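Down below is the structure, laid out as C-alpha cells.
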Amino acid sequence: MLFGEPESGKTWVALAAVAESLSRGRSAAVVDLDHNGMASTVTRLLGLGAPIPALSDLATFRYKEPEDKADLMATVTDLRRWAPSVVVIDSIGELLPVLNLNSNSPDDFTIAHSHALKPLAHAGCCVIVIDHVAKNPETKGPTGTAAKLRAVGGASLRVRIKDSFAPGRGGSCYLGIQKDRHGGLRAATPAGEKEPVAGVFELTGDCSWTVWAPTSGDRVPDSVPGADLASLKSLAPGPVSVRDIKDRLGWGGDRATLALRVYRQQLETAGA
C-alpha cells in the first residue's frame, strides 16, 4: 500500500513500478477507480519509460476503468486469470463505494479485500494499492479503518513530499515504512527510527526517475494538513505552547503537538 496526502507523489511511484515492469518485458495493469483517464495514465507511463509496443499490446498492458460493481468484478476475474506482474489500483477510497460498501466499516473492508485484492495477490501479482491519509490529524494513517493495515500482506509505505512535483520540473518524495510484514525493507534501512525511510523517489523534469537508497541522516519529515498550519498562522498573538493551542482551537493533544512542531520548523527555516 502507498498512502499519503494529495500531490505527494503516490501515483508517480506506482506508475514507475508499472513502467519498470513493462520495460523489463513483463506485464502490468492499471485499475483506475479515480478516473484519472487513459490518456493521462498512458502519457505518464510513456514519460516514465514504458515502451510503446508494450503499452499497445493487451498481452502486456491493460488499462481498466470500472464503472460499477459488475464491471469491477469482471475486471478482477480477467486480471486473476491473466496474472500480470504488477497491478496498480488507484484508489482504495473508491474501491468500497464501487462495491456498494461502507468505507468506515472493518467488515466491509474485509469483504472488499477478499473480493478484489486478495484474488490478485493469490494469482501472483504484485498488487500496489493507492490510498489517502486519514482526515483525522490525530491518526495520519490510511483512511478508513485499522482493517486496512491488518490486511496488508507486504508493506505499507507512507509517501511524503520532499520537493513538490510540478510539470517540467519533477519532484521527489520520501517513502516511509509504516508496516513491513516480512521485514525485508526494515532490514535494509538504518536502525533507530520508528518509521524509517525505505527510499527517496526522485523524478526529473524529463520524467526519468530513481529511487535512492536511504542514508543514516534520512528521516520522514513531520507533516500536517495545510489548514492546520493556516489556523496557527492566523492566531494573534501566535501560539506559544501545546496547551495554548488546545485552549484556543479546541484540538486534541497529538494534533496540537504535531502542528506546533511543524509551525516552529517553518519559522526556523524562514529565519535561517
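The values are calculated or read from the model by the stated rules, or taken from the named source; none is laboratory data. What you are looking at is a predicted structure, and each value in this text was computed from that prediction instead of being measured. Note: ideal-geometry Cβ built from the backbone for every residue, glycine included; neighbour counts use all protein chains shown.
Looking across segment 167-217 at every residue that is touching a residue at least 24 places away in the same chain (Cβ under 8 Å) and of a type in the set (Val, Ile, Thr), the one that is farthest from Val152 (Cα to Cα) is identified as Thr204. Any idea how many residues of segment 121-151 are at pLDDT below 75 and aliphatic (A, V, I, L, M)? Looking only at that region, the number is 2.
For segment 194-211, the criterion of being outside the structural domain of Val133 (by TED's automatic domain parsing), touching a Pro at 6+ places or on another chain (Cβ under 9 Å) and β-branched (Val, Ile, Thr) is met by none of the residues. Filtering segment 174-196 to residues that are closer than 16 Å to Val13 by Cβ and of a type outside the set (Val, Ile, Thr) leaves Tyr174, Leu175, Gly176, Gln178, Leu185. Summed over segment 225-234, the residues that are under 19 Å from Asp254 (Cβ atoms), surrounded by 11 or more Cβ atoms within 10 Å (Cβ to Cβ) and of a type outside the set (Ser, Thr, Tyr) give a count of 4. For the subset of segment 71-85 comprising residues that are surrounded by fewer than 21 Cβ atoms within 10 Å (Cβ to Cβ) and touching a Ser or Thr at 6+ places or on another chain (Cβ under 9 Å), which member is farthest from Pro6 (Cα to Cα)? Of everything passing the filter in segment 71-85, Trp82 is farthest from Pro6 (Cα to Cα). Taken over segment 152-187, the criterion of being modelled with pLDDT under 85 and of a type outside the set (Lys, Arg) is satisfied by Ile161, Asp163, Ser164. For beta carbons closer than 7 Å, sequence separation of 6+ or different chains, a first residue in segment 102-119 that is free of Cβ contacts under 8 Å to residues at least 24 places away in the same chain and outside the structural domain of Leu79 (by TED's automatic domain parsing) and a second that is surrounded by 15 or more Cβ atoms within 10 Å (Cβ to Cβ) and assigned to a loop (DSSP other than H, G, I, E, B), there are no qualifying pairs.
Annotation: Asp218 fulfils all but one of (1) at pLDDT below 95; (2) surrounded by 18 or more Cβ atoms within 10 Å (Cβ to Cβ); (3) under 17 Å from the mean Cα position of the chain (by Cα); the unmet one is (3). Is it the case that some residue within segment 80-88 is among the polar types (S, T, N, Q), closer than 25 Å to Val200 by Cβ and at pLDDT 95 or above? Yes: segment 80-88 contains one or more residues that are among the polar types (S, T, N, Q), closer than 25 Å to Val200 by Cβ and at pLDDT 95 or above.
Residue-wise test of (1) touching a Gly at 6+ places or on another chain (Cβ under 7 Å); (2) of a type in the set (Val, Ile, Thr); (3) in contact (Cβ under 8 Å) with a residue 40 or more places away in the chain; (4) not assigned by TED's automatic domain parsing to the domain that holds Asn100.
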{"residue": "Val18", "(1), (2), (3), (4)": "no, yes, yes, no"}
{"residue": "Ala29", "(1), (2), (3), (4)": "no, no, yes, no"}
{"residue": "Ser40", "(1), (2), (3), (4)": "no, no, no, no"}
{"residue": "Arg44", "(1), (2), (3), (4)": "no, no, yes, no"}
{"residue": "Pro53", "(1), (2), (3), (4)": "no, no, no, no"}
{"residue": "Ala59", "(1), (2), (3), (4)": "no, no, no, no"}
{"residue": "Arg62", "(1), (2), (3), (4)": "no, no, no, no"}
